[in-house]
Amino acid sequence: MPITIKLKEILKERDLSQRELARMTGLRPNTINHLCSDNVDRVYLSTLETVCKVLDIDIQELIEVE
């Protein structure tokens with residue numbers, strides 16, 4: 001069951017850079033870059049929760065199950 005993380009699209013909609021999000025979340029820029037890539041192979045739920053909390057979105061808005 002493939003999962004798509006829509007972080008790149010969300011950042012574009014909000015005119016936010018990956019670097020800004022990294023600073024806001026306290027996550028490493030490499031982690032944010034990985035979440036924005038097309039080949040996310042694994043991710044910690046706590047990382048997704050942090051991103052959702054900072055962006056004030058539900059996890060359903062961030063991930064899409066195909």
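The values are calculated or read from the model by the stated rules, or taken from the named source; none is laboratory data. This structure is a prediction, so every number in the text was calculated from the model and none was measured. Here the Cβ is made from the backbone with ideal geometry for all residues, glycine too, and neighbour counts use every protein chain on show. Heavy atoms of the whole protein, side chains included, go into the accessibility calculation; ligands, DNA and RNA do not. Shrake-Rupley method; radii C 1.70, N 1.55, O 1.52, S 1.80 Å.
Could you tell me whether N39 is at pLDDT below 95 and of a type outside the set (V, I, T)?
Numbers: at pLDDT below 95: yes; of a type outside the set (V, I, T): yes.
Yes: the conditions hold for N39.
Confirm whether L16 is aliphatic (A, V, I, L, M) and assigned to a loop (DSSP other than H, G, I, E, B). Full working, then the answer.
On the way: aliphatic (A, V, I, L, M): yes; assigned to a loop (DSSP other than H, G, I, E, B): yes.
Answer is yes for this residue.
Could you grab me the full set of residues in the stretch 12-66 that are under 11 Å from the mean Cα position of the chain (by Cα) and touching a residue at least 60 places away in the same chain (Cβ under 8 Å)?
The answer is I63, and nothing else.
Confirm whether V65 is surrounded by 13 or more Cβ atoms within 10 Å (Cβ to Cβ) and of a type in the set (A, V, I, L, M).
Working: surrounded by 13 or more Cβ atoms within 10 Å (Cβ to Cβ): no; of a type in the set (A, V, I, L, M): yes.
Spelling it out, it is not the case that V65 is surrounded by 13 or more Cβ atoms within 10 Å (Cβ to Cβ) and of a type in the set (A, V, I, L, M).
Sort through L62, L16 and tell me the only one that's out of contact with any strand residue (DSSP E or B) (no Cβ under 8 Å at 6 or more places or on another chain), of a type in the set (A, V, I, L, M) and modelled with pLDDT of 95 or more.
On the way: L62 fails: out of contact with any strand residue (DSSP E or B) (no Cβ under 8 Å at 6 or more places or on another chain).
Every option except L16 fails the conditions.
Working only within the stretch 3-50, note down all residues that are open to solvent by less than 60 Å² (accessible area, probe 1.4 Å) and of a type in the set (S, T, N, Q).
T4, S17, T25, T31, S37, T47, T50
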